[in-house]
Amino acid sequence: MRVAVCVKQIPDPASPYDLDPETHFVVRPTDQVLDDTDRYGVEIGLQLAEQTEGTVTLISMGPSGNLQGIRQALAMGADKAVIVDDASLQGSDSLATAGVLAAAIKREGFDLVIAGTESTDGYAGILPQQLAELLEVPALTFAKKVAVEGDTVKIERQTQTGYDEVESPSPALVSVTAGAVEPRYPTFKGIMQAKSKPVDTVTAGDLGVDVATKQKIVSIRPAPERASGELIEDDGEAHLKIVALLEQAKVI
Amino acid sequence: MATTWVFVEETEEGPATVGLELLTKARAFGGELAALYLGAGSDEHFAALGAHGASKVFHMAPSDLLPTASAAAAIADLAGQHSPDLILFGLTYTDRDIAGRLSARMGKTILSNATEISVDGGAVTVTNEIFGGMTLVDTTFESDAPYLVIARAKAFVAEESGGGAPEVESVAMPDVGHSGSARVTASHAERLEGPKLEEAAIVVAAGRGIGAEEGFAVINELAMKLGAATGATRAIVDAGWVPYSKQVGQTGKTVKPDVYIAAGVSGAMQHLVGMKDSKVIIAIYKDEEAPILGISDLGIVGDLHKVLPKLIEALSNR
Ligand SMILES: Cc1cc2nc3c(=O)[nH]c(=O)nc-3n(C[C@H](O)[C@H](O)[C@H](O)COP(=O)(O)OP(=O)(O)OC[C@H]3O[C@@H](n4cnc5c(N)ncnc54)[C@H](O)[C@@H]3O)c2cc1C
Ligand SMILES: Cc1cc2nc3c(=O)[nH]c(=O)nc-3n(C[C@H](O)[C@H](O)[C@H](O)COP(=O)(O)OP(=O)(O)OC[C@H]3O[C@@H](n4cnc5c(N)ncnc54)[C@H](O)[C@@H]3O)c2cc1C
């Protein structure tokens, strides 16, 4: 099975990212990391590829920088990566991004596409569905478990009150929730091998896609602040403060 | 705005609340207002849509297929016939699936995570919150209508308008071939106890600070005493301590209770967006640096395993 896993390099979420004051785009430093959300997709991709003697190809769009995030995913065990790095794609909306990723995935060939349910930095949370429509495949979304049996892809789809069992024939797209699996840590050998694995850097032109972004940020402003409250150290009586506040709020 | 459509999914309790919130909001835009309703449907459900402002309902009845690809195609066809100006969705799984596919099918961008939608003549501006709600971003469309927007739950309040029964038009779900071939083979629902998280007047939420799965017992006990619903951070949902249905935040539920008690919750941006509009926020945590302090009315630096049992006792003695 040929598995394509969509992975995004993002600014290290340990510190909040900046928005460019002119363009309003996210400022993307050279050393971006692998979006934590995508480690689950990579892990599931690797498990399915191992089970079916298949391959895992990483597909990414964005400035490649020093490729730190892509190498993290390669070190986990993915076979190769295709990254679409093209200055003209800066500030792309989700649909434009989906158009580019679809072209890259089609060029590689696929039986299964895996993506996260929403990214950490943009979290529009619609790219997988857009991608599935462009690739003309079913979207098995919000999966907390994924299995492949022959030509059938089966998932447990998270719902508000539990989960549904959903299946379709391949080729298909699956979006996976965080926490679906325990992503493996790269081994030392994996990290060494990742350095020489193929990374194909291409432009939109190379893929023959022409996409346009149809939304524009017009302003960025601070939200009205919430008045800050009281901070106390528990001296053994803090619970009485809570009781008083509950009374004041008239809920007890 | 000449014509607004609101997608509304049927839930076990009838039309999804977020759909009714969006219908209420859309009334303010003026013009025609219709609901795109996905579910078995009933006169009672259609009346609820009418009461929230829809004068027309396009009714799509699903089969055992996952309805998303087919519903997106049906809506795209309808949009081709009727040329709506604005189509609104809620930030739920089914809504996101249909909105995403519709967007790609029609070649129209989507603005997601909306907490405010403003209409000025034919122009639509969508506001969303970033950095845990500290910063607001206003975005506009640079394409032609229809404009697609996905809004967060509880961004607007659902109120009836006194509208009568709407005209209901049944819409066939087209066969979209392989794209629509996903099938639902079984459904599993948890039995939920106590008040619903989204509707409870008090929410007691726990984070990793409870230490272990067993630590949730004291949270349950306090909730029981207060008639509260229990909530959780994603950290303890991912750890498998509590089910996903309890998750509050960006990828969970949005709540606005009278009182939100957070125990052992650090207050990550993605958690704050789901609860920061609670009327009173009380937080108990170990370290003084936790960001939840910034939005708390009462912050207690202490051990939740000491504070909460005493609180439960004090409440029992009342
Ligand atoms: C604060 C903010 C708000 C935004 N709001 C919107 C909006 O409302 N509408 C809109 O159209 N765009 C929006 N964008 C732009 C959008 O984030 C980018 O277009 C992005 O490349 C794709 O969307 P996402 O990351 O939100 O994807 P999501 O749909 O959240 O991502 C789901 C999954 O898709 C895959 N994926 C996403 N992007 C890439 C990529 N570049 N390369 C490889 N895989 C990828 C990953 O597996 C990811 O886990 C916003 C950006 C920011 C910073
Ligand atoms: C795309 C994306 C979406 C996300 N969506 C969500 C979401 O919907 N909801 C959500 O909650 N998170 C979400 N997250 C995760 C979020 O970023 C945080 O990781 C998570 O909220 C942290 O959970 P926590 O507060 O339980 O844990 P921690 O950050 O580890 O905080 C635990 C706190 O407990 C305190 N503590 C420890 N012991 C005690 C004690 N005995 N008594 C009192 N206090 C104690 C600690 O001091 C600390 O403040 C998302 C992340 C991403 C990337």
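The values are calculated or read from the model by the stated rules, or taken from the named source; none is laboratory data. This structure is a prediction, so every number in the text was calculated from the model and none was measured. Ideal geometry is used to build each Cβ from the backbone, glycine not excepted, and the neighbour counts take in all protein chains shown. Quick note on the areas: whole protein, heavy atoms, side chains included, nothing else; ligands and nucleic acids left out. Shrake-Rupley method; radii C 1.70, N 1.55, O 1.52, S 1.80 Å.
Here are the numbers for this structure:
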{"item": "Accessible area buried between chains B and A, both sides summed, probe 1.4 Å, in Å² to nearest 100", "result": "6900"}
{"item": "Convex hull of Cα atoms in the stretch B:3-180, direction-averaged projection (nm²)", "result": "10.1"}
{"item": "Furthest towards positive pole of dipole, A:139, A:187, A:37, structure part the stretch A:2-207, Cβ charges", "result": "A:187"}
{"item": "Averaged over A:240-249, number of beta-carbon atoms from partner chains that fall within 10 Å", "result": "6"}
{"item": "Centre separation in Å (Cα based) which lies between the stretch B:222-267 and the stretch B:58-73", "result": "32"}
{"item": "Average Cα contact separation per residue, chain A, under 8 Å, 6 or more apart, as relative contact order %", "result": "22"}
{"item": "MRE, 222 nm, helices only [DSSP H, n ≥ 4, -39500 (n - 2.57), over chain A, to nearest 500]", "result": "-8500 deg cm²/dmol"}
{"item": "Listed residues B:86, B:145, B:156: farthest to the positive end of the dipole of chain B (Cβ charges)", "result": "B:156"}
{"item": "Using alpha-carbon coordinates, inclination of helix B:17-27 to the longest axis of chain B, degrees", "result": "60"}
{"item": "Accessible area of residue A:39 in the full protein assembly, 1.4 Å probe (Å², nearest 10)", "result": "50"}
{"item": "Over the protein assembly as shown, volume per residue of the alpha carbon convex hull, in Å³", "result": "151"}
{"item": "The stretch A:7-120, accessible surface, carbon-and-sulfur percent (1.4 angstrom probe)", "result": "47"}
{"item": "Proximal charge balance of residue B:27 [Cβ under 15 Å; K/R count +1, D/E count -1]", "result": "-3"}
{"item": "Gyration tensor (alpha-carbon) shape descriptor, the stretch B:130-206, a/c threshold 1.5", "result": "rounded"}
{"item": "Per DSSP, loop trypsin sites (Lys or Arg not before Pro) in the stretch A:112-198 with at most 16 further Cβ within 10 Å", "result": "A:184, A:195"}
{"item": "For the stretch A:176-232: accessible area per residue (Å², 1.4 Å)", "result": "68"}
{"item": "Percent accessible area from carbon and sulfur atoms, the stretch B:67-127, protein chains only, probe 1.4 Å", "result": "41"}
{"item": "Rounded Å value of the spacing that divides the Cα centres of the stretch B:174-190 and the stretch A:145-206", "result": "20"}
{"item": "Global geometry of the stretch B:197-316, whether rounded, prolate or oblate, following the gyration tensor of its Cα atoms and the 1.5 cut on a/c", "result": "rounded"}
{"item": "Shielding of A:208-219 by partner chains, average beta-carbon count, 10 Å", "result": "4"}
{"item": "Per residue solvent-accessible surface (Å²) - the stretch A:1-94, probe of 1.4 Å", "result": "41"}
{"item": "Packing-based order for B:158-169, B:252-263, using average beta carbon neighbours within 10 Å, highest first", "result": "B:252-263, B:158-169"}
{"item": "Distance from the stretch B:3-34 to the stretch B:124-156 (C-alpha centre basis), Å", "result": "17"}
{"item": "Residues of the stretch A:111-132 buried by at least 50 Å² on assembly (accessible area, 1.4 Å probe, chain alone as reference)", "result": "A:118, A:123, A:126, A:129"}
{"item": "Over the stretch B:3-180, relative contact order from alpha-carbon pairs under 8 Å, at least 6 apart, %", "result": "31"}
{"item": "Value of [θ]222 nm, deg cm²/dmol, for chain B, DSSP H segments ≥ 4, -39500 (n - 2.57) each, nearest 500", "result": "-7500 deg cm²/dmol"}
{"item": "10 Å Cβ neighbours from other chains, averaged over peptide A:162-174", "result": "5"}
{"item": "Flagged links, alpha-carbon separation over 31 Å, of B:108/B:154; A:106/B:253; B:25/B:286; B:25/B:225; B:225/B:256; A:216/B:286", "result": "A:106/B:253; B:25/B:286; B:25/B:225; A:216/B:286"}
{"item": "Shape category assigned to chain B from the gyration tensor of Cα positions, a/c cut at 1.5", "result": "prolate"}
{"item": "Antiparallel DSSP beta bridges within chain B, as percent of all bridges there, nearest 5", "result": "25"}
